[in-house]
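Please read the structure below before turning to the comments.
All of the numbers you see were taken from the coordinates with simple rules; none came from a lab. Keep in mind that what you see is a predicted model, and the values were worked out from it rather than measured. We place every Cβ from the backbone using ideal geometry, glycine too, and count neighbours over all the protein chains shown.
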């Protein structure tokens, strides 16, 4: 008797927890990407409070890092894109990286994180590896142009942090990219 009562209580709690699921039209649903599988080592001065990190980095890095103007110029350059299932740099990608190299050489305090990304097709493991190859190709190209390797970091998000959330070829083309984050 006690077991069946306990079983009913547990089933009731499970049912109550699932009762708020709502079906949405996929085109209207707000989608969020799952947490990325890629792991990055946090700088030694970072703690887990993002607000504190902003204050610490502003205070400790006064006079260090890229100027706001340089970051704005770099962001205007945009991302580089790849063909389906490829990681080689095409002419447009090389042109974009040439411009980025010029800005990095002009502002010696600027650093860049290259985020390799993929579209949603393929396995998670495959896309993490492909995103890594894409980011590494861009890093090698920048280093060959004279940018110090210590000013460049790479991470692969694979398909875990899409820039576009629709399920279409146009959106997939946006996600097959290296996105740049400047400091």
- Query: Can you spot a residue in the range 112-124 that is out of contact with any helix residue (DSSP H, G or I) (no Cβ under 8 Å at 6 or more places or on another chain), more than 21 Å from residue 68 (Cα to Cα) and part of a loop (DSSP other than H, G, I, E, B)?
  - Reply: yes
- Item | Among (1) buried (at least 18 other Cβ atoms within 10 Å of the Cβ); (2) in contact with a strand residue (DSSP E or B) (Cβ under 8 Å, 6 or more places away or on another chain), the one test that residue 147 misses | (2)
- If you take the residues of the range 70-84 that are part of a loop (DSSP other than H, G, I, E, B) and within 18 Å of the chain's Cα centre (by Cα), which of them is surrounded by the fewest Cβ atoms within 10 Å (Cβ to Cβ)? 78
- Hits in the range 155-183 - residues which are part of a strand (DSSP E or B) and crowded, with 22+ Cβ neighbours inside 10 Å: 156, 157, 158, 177, 178
- Query: For the range 86-101, does any single residue satisfy the condition of being surrounded by 16 or more Cβ atoms within 10 Å (Cβ to Cβ), in contact (Cβ under 8 Å) with a residue 60 or more places away in the chain, in contact with a helix residue (DSSP H, G or I) (Cβ under 9 Å, 6 or more places away or on another chain) and in a strand (DSSP E or B)?
  - Reply: no
